[in-house]
1. Checking A65 against (1) more than 30 Å from L242 (Cβ to Cβ); (2) not β-branched (V, I, T); (3) not in a loop (DSSP other than H, G, I, E, B), which single condition isn't satisfied?
2. For the subset of segment 4-22 comprising residues that are within 16 Å of the ligand (Cβ to nearest atom) and of a type in the set (D, E, K, R), which member is nearest to F174 (Cα to Cα)?
3. Given the criterion at pLDDT 95 or above, surrounded by 22 or more Cβ atoms within 10 Å (Cβ to Cβ) and under 30 Å from D33 (Cα atoms), identify the matching residue among A273, A244, A262, A258.
4. Assess whether L95 counts as being within 16 Å of the ligand (Cβ to nearest atom), more than 27 Å from V281 (Cα to Cα) and in contact (Cβ under 8 Å) with a residue 12 or more places away in the chain.
5. Quickly run through segment 121-162 and pick out the residues that are of a type in the set (G, A, S), buried (at least 20 other Cβ atoms within 10 Å of the Cβ) and over 19 Å from M195 (Cβ atoms).
6. The conditions are (1) farther than 22 Å from A211 by Cβ; (2) without any contact (Cβ under 8 Å) to a residue 12 or more places away in the chain; (3) not in a helix (DSSP H, G or I), and P12 fails exactly one of them. Which is it?
7. Select from segment 132-180 the residues that are in contact (Cβ under 8 Å) with a residue 12 or more places away in the chain, closer than 12 Å to R108 by Cβ and more than 13 Å from the ligand (Cβ to nearest atom) and list them in ascending order.
8. For residues that are part of a loop (DSSP other than H, G, I, E, B) and surrounded by fewer than 22 Cβ atoms within 10 Å (Cβ to Cβ), tally how many sit in segment 306-319.
Amino acid sequence: MIDLRSDTVTLPSEEMRAAAKDAEVGDDVYGDDPTVNELEVRAAELVGKEAALFVPSGTMGNQIAARVHTDPGHEALVDTEAHVYKWEVGGFAELSNLQIRAFDAGERAAPTPEQVREHAREESLHVAGTGLLCLENTHNARGGVAIPKADIDAAAETAHDLDIPVHLDGARLFNACVALDEDPAAMVEQVDTVMFCLSKGLGAPVGSILAGSEAFVEQAVRVRKQFGGGMRQAGIIAAPGLVALDNVERLADDHENARILADGLDDIPGLSAPTPDTNIVVVDSEGAGLTAEEFVGLCDDVSVLGGTFGEFHTRFTTNLNVSRVEVKEAVERVAKAVQSK
Ligand SMILES: *Cc1c(COP(=O)(O)O)cnc(C)c1O
């Protein structure tokens, strides 16, 4: 089976399992877990922020950020294709009482300064007021687009001019940095807070990081507890997270595999797959007369797993557990399956 459903399907390496087994642990709710503390210090340094917090999931990291940055009734400014809007179960509304103001950031996946200004709303007797701008890099739903630092900076600086804090959903931050050859700290220099996942391309079994100023993280610790994310001997899962931080550079392999996959699929009559920036390949099967559901079914029959990503679009995500040889094999299998349908 060639599992390209997501980069979250990766299994922890022997090194990660060994790190978990040998981890020095303590009660992290008391701040006593040395492994968690080490991970938080290293993670904060990596993204150039004062402090960081280990959280169970990327979703919780984004939700905590929204809660800390805003007041109830504020508007959160997000792209219509943002993960926080499409795939976090309405959390901004339910957990932070936010009204979402969604706008189409377009193919480049980051709002222009003009868009930020157009959609930002100043608080008044009648108007909620914008409490947060949320960006996403890489941008998942737009096909793993790697947004250049200049675009992140421009959006963030405009928001700051309007006194609006900025959170970056960087679930795949390092994919963006590797693709653009950008230093992670430089990439997030202008955003107030950033979340990144250890459990995606970096290959850890569990966990994400939320980073920002010391004052922000102090509040985030309280919200994490309230959201049920205070963990005890969490060093057991933080230790593989530390190992995962060594996997940043190898994301380039996933990107190369994704290009090979996209080029191969694009050559199959009826399919079209633009060359990806990073590890997410989006295939349009309409030309083959196949809905995404039908196409995913055909692929499934030849043990190549993907996920529907719209009526005619399917997502394949290259990852740590899928080799170059398997990617080429996947193309061959899908070609046969589509041609013999
Ligand atoms: C996966 C993902 C998340 C959420 O991470 P989980 O750990 O699955 O909760 C948030 N944002 C983006 C862009 C993602 O791809």
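1. The single condition A65 does not satisfy is (1).
2. The qualifying residue nearest to F174 (Cα to Cα) is D7.
3. Working: A273 fails: under 30 Å from D33 (Cα atoms); A262 fails: under 30 Å from D33 (Cα atoms); A258 fails: under 30 Å from D33 (Cα atoms).
The unique qualifying residue is A244.
4. Details: within 16 Å of the ligand (Cβ to nearest atom): yes; more than 27 Å from V281 (Cα to Cα): yes; in contact (Cβ under 8 Å) with a residue 12 or more places away in the chain: yes.
Yes: the conditions hold for L95.
5. Across segment 121-162, the qualifying residue is only G143.
6. (2)
7. P148, D151, I152, A154, A155
8. Residues flagged as part of a loop (DSSP other than H, G, I, E, B) and surrounded by fewer than 22 Cβ atoms within 10 Å (Cβ to Cβ) within segment 306-319 amount to 4.
The values are calculated or read from the model by the stated rules, or taken from the named source; none is laboratory data. Everything numeric here is computed off the predicted structure, so don't read it as measured data. Every residue, glycine among them, receives a Cβ derived from its backbone with ideal geometry; neighbour counts consider all protein chains shown.
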